[in-house]
Amino acid sequence: MNIIEQLILRVIDANINRLREGLRVSEDICRFALNDETLSQQLKALRHQVKQASDLIAPYPQLLHARDVQSDVGAATPNKDEDQRDNIQRILAANMKRTQECCRVLEEFAKLYSNEAASTFKTMRYNLYALEKNIYDIMEERKI
């Protein structure tokens with residue numbers, strides 16, 4: 001693997017990890033805080049779609065090989081918004097936005113490897129926009 005491909009796969013790996021993490025947090029909110037089986041299953045299904053789409057880009061060992069946490073210039077940079085998690089809605093909002101942003105990045109970079117994967121991430125992004133609204137509507141209805 002040449003250096004350019006390794007750098008591209010590093011971007012993809014980081015965003016796949018962020019996407020799965022954001023989906024898991026959102027899924028757990030729906031599962032444990034809202035007790036909503038349908039929403040939690042939809043988010044779980046999206047996590048599995050991430051795996052399938054990422055396999056179209058590169059095998060997991062190749063993505064893992066591209067990972068370079070020690071050289072991540074943004075890892076130590078504080079994010080002022082991370083301290084603003086004073087309620088469950090903010091936790092959900094932060095994680096849903098994270099997932100949507102990752103889908104956008106992955107949609108663009110996946111085009112270098114697989115149009116099918118790029119299309120999957122685009123569809124996923126729009127599904128996440130709709131899911132976010134549905135989850136908020138339920139939270140509002142239940143006064144959570």
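The values are calculated or read from the model by the stated rules, or taken from the named source; none is laboratory data. What you see is a predicted model, and the numbers here were worked out from it, not measured in a lab. A quick note on method: Cβ atoms are made from the backbone with ideal geometry, for glycine too, and the neighbour counts reach across all protein chains shown.
Kindly establish whether ASN115 is of a type in the set (S, T, N, Q), at pLDDT 95 or above and exposed (fewer than 15 other Cβ atoms within 10 Å of the Cβ).
In short, yes.
Filter the range 37-60 down to residues that are in contact (Cβ under 8 Å) with a residue 24 or more places away in the chain and more than 13 Å from the chain's Cα centre (by Cα), then give me how many there are.
Residues meeting the conditions: 6.
Just to be sure I understand the filter: pairs with C-beta atoms under 7 Å, separated by 6 or more residues or on different chains, first member in the range 123-144 and within 19 Å of PHE32 (Cα to Cα), second member among the acidic types (Asp, Glu) and surrounded by 15 or more Cβ atoms within 10 Å (Cβ to Cβ). Which pairs pass?
Pairs that qualify, where the first residue is within 19 Å of PHE32 (Cα to Cα) and the partner is among the acidic types (Asp, Glu) and surrounded by 15 or more Cβ atoms within 10 Å (Cβ to Cβ), are ILE138/ASP36.
Answer yes or no: is there a residue in the range 39-46 that is surrounded by fewer than 11 Cβ atoms within 10 Å (Cβ to Cβ), over 16 Å from LEU19 (Cα atoms) and not basic (Lys, Arg).
No, that holds for no residue.
Quick one: in the range 92-108, which of the residues that are over 12 Å from GLU132 (Cα atoms) and not charged (D, E, K, R) is surrounded by the fewest Cβ atoms within 10 Å (Cβ to Cβ)?
My answer is VAL105.
May I ask you to say which residue of SER26, SER71 is farther than 19 Å from ALA117 by Cβ, more than 13 Å from the chain's Cα centre (by Cα) and either surrounded by 14 or more Cβ atoms within 10 Å (Cβ to Cβ) or without any contact (Cβ under 8 Å) to a residue 40 or more places away in the chain (or both)?
After applying the criteria, what remains is SER71.
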